[in-house]
1. Apply the Karplus parameterisation 6.51 cos²θ - 1.76 cosθ + 1.60, with θ equal to phi minus 60°, to every residue of region 312-319 and state each ³J(HN,Hα) to the nearest whole Hz, in sequence, with x for glycine and proline.
2. Would you please give the residues with an amide H less than 5 Å from that of residue 489, counting only those at least 5 places away or on a separate chain, with H modeled from the backbone geometry?
3. Percent relative contact order of region 396-516, based on C-alpha pairs within less than 8 angstrom and at least six residues apart?
4. If packing is taken as the mean number of other Cβ atoms within 10 Å per residue, what is the order of 227-238, 538-549, 416-427, highest first?
5. Mind checking which of 171, 151, 140 is farthest towards the positive end of region 98-226's charge dipole, using Cβ charges of +1 (Lys, Arg) and -1 (Asp, Glu) about the Cα centre?
6. Over region 139-178, average the accessible area per residue using a 1.4 Å probe and give it in Å², no decimals.
7. From the phi angles alone, apply the Karplus equation (6.51, -1.76, 1.60; θ = phi - 60°) to region 467-484 and give each ³J(HN,Hα) in whole Hz, x where the residue is Gly or Pro.
8. Among the GluC sites (Glu not before Pro) in region 396-445, which ones are in a DSSP loop with at most 15 other Cβ atoms within 10 Å of the Cβ? Mind listing them?
Amino acid sequence: MERSSITVVSLLVCLTFVLVKAEDPYLRFEWNVTYGTIAPLGVPLQGILINGQLPGPRINCTSNNNIVVNVFNHLDEPLLLTWNGVQQRKNSWQDGTPGTMCPIMPGTNFTYRFQVKDQIGSFFYFPTTDLHRAAGGFGAINVHSRALIPVPFDNPADDYSVFVGDWYNKGYKSLKKILDGGRTIGRPDGIHINGKSVKVGDKVAEPLYKMEAGKTYRYRFCNVGMRTSVNVRIQGHPMKLVEIEGSHTVQNVYESLDLHVGQCLSVLVTADQEPKDYYMIVSSRFLKQAELSSVSIIRYANGKGPASSDLPAPPPENTQGIAWSMNQFRSFRWNLTASAARPNPQGSYHYGQINITRTFKIVNSRSEVDGKLRYALNGISHTDSETPFKLAEYFGATDKVFKYDLMGDEPSTSSDKVTVASNIKNATFRNFVEIIFENHEKTIQTYHLDGYSFFAVGVEPGKWTPEKRKNYNLVDAINRHSIQVYPNSWAAVMTTLDNAGLWSLRSEMWERFYLGQQLYFSVLSPARSLRDEYNLPDNHPLCGIVKSMPMPSPYKA
């Protein structure tokens, strides 16, 4: 072979090696978290802004991108941000919960580094410290499919993020004081859409969204509220559901959709009506008192005429409304023919054929401890520690911080006593588990699990028994990270605990989260190998008892 041919071959081999070894693209952000005056319901309050915005900056990325977010905390309080729905594979160090990380102290910064590994979909970030969720600080995480992966719908003309939820006019510090005093924060004062509340007939200078006739748009709805389920609908425009929390769905068409706290979904809307203004309506669900609602304007380009005051009716309420909402949940199906990031790379995941290794049955409760309101799971009302539990594990200091497994795998039948303690459950790496949520209260619940997605296989009224498994959807249940549990009902999910780390299972109703309705699953790899979990990052702050301890030996490949 001639020297020139050898050189060309060598270059090709080197280029191939570089391409194989190349990392996925990096997206870098710099965020300044500050206080600012906001008035979602017209009452000025101290809110939390990111780069002066509410909603905050959007993370618009592609599956497998590496995300680097340098967060500067200009508040006078510690801060953490979590990335709701991002699975943080092998990397609970970046999860942004009080059990996994020391907070970013006032006047300092911390750089989050994580990868949206094998995921697509609509997610959001928000602050987990104190009661900061009631002050804003939320924004979009939109993860798109890679260019070579076909998506089961045409590219929309535009992609809109819509944050909806309830709001209180007391301000988050006043709400915190109420909860710390042992009382409930009660009914919210209204509903906002992207931090604003508009009533029918209000003079609105600018529409929230614009559409051109004949084009189709993607709307990503997320409920970032404190406690209230909502219903979303668009005047004169059916919505085609295409994605729920990272899974492409069977594309059913809906006139309105229920959206529970902490949940996100995507719909396609085609601008095929008379060119003018239309209302988007968001209204409360399952409140005992009168309905709360807000609207926003969607305007056709070159449209003429105001939106009609004749709004589409909301779904039914009370018992009939719960049945309606349950039936809608059952109509959601995973699109098994769509190409996208999936729980395994081969495509359809036959979760219904895997034997269940362990069942957790979890019952929520509301009670008083020493005269103060507390919420609990199986009789344990969680409390955080000055030393994050993940750091205590890593440094071998768990015996100085918490005890494992205070909460049983199922509720006790012998006592109604509630214990206030750190609630950390040991779970076995790579076990396939079933989690049953049973709600004996008269209010709806929503739960979220960090680090994983799960198959939402069943929701029914009444109490769960093993015989109920015959009613599970074991074929095409949505793979997602949150689940609602209706009053006096149960919900069942299944997942493989294949992501080593410490992971938050929590109520998304933030009053309940703050007062104890949460736990952490500790999923440790016995190999202590970098194949299963990353080491503590070099920039990770230390706090509590581990601050003065020598660094442990790192995991090895």
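1. x, 5, x, x, x, 10, 6, 4
2. 439, 462
3. Numbers: 197 pairs, mean separation 40.4, N = 121.
Taking the mean separation of contacting Cα pairs over the length of region 396-516, I get 33 percent.
4. Working: 227-238: 21.4, 538-549: 14.2, 416-427: 17.8.
Final packing ranking: 227-238, 416-427, 538-549.
5. Farthest along the dipole direction, towards plus: 171.
6. Value returned for region 139-178: 46 Å² of accessible area per residue.
7. Computed from phi, the couplings for region 467-484 are 5, 5, 4, 5, 8, 5, 8, 9, 10, 9, 5, 5, 8, 8, 10, 9, 8, 8 Hz.
8. Working: sites: 434, 438, 441; in loops: 441.
Hits after loop and neighbour filter: 441.
The values are calculated or read from the model by the stated rules, or taken from the named source; none is laboratory data. As the structure is a computational prediction, the values presented were derived from the model and not from experiment. With ideal geometry, Cβ positions are generated from the backbone for all residues, glycine too; neighbour counts draw on all protein chains shown. In case anyone asks, the SASA skips ligands and DNA or RNA and just uses the protein heavy atoms, side chains included. Shrake-Rupley method; radii C 1.70, N 1.55, O 1.52, S 1.80 Å.
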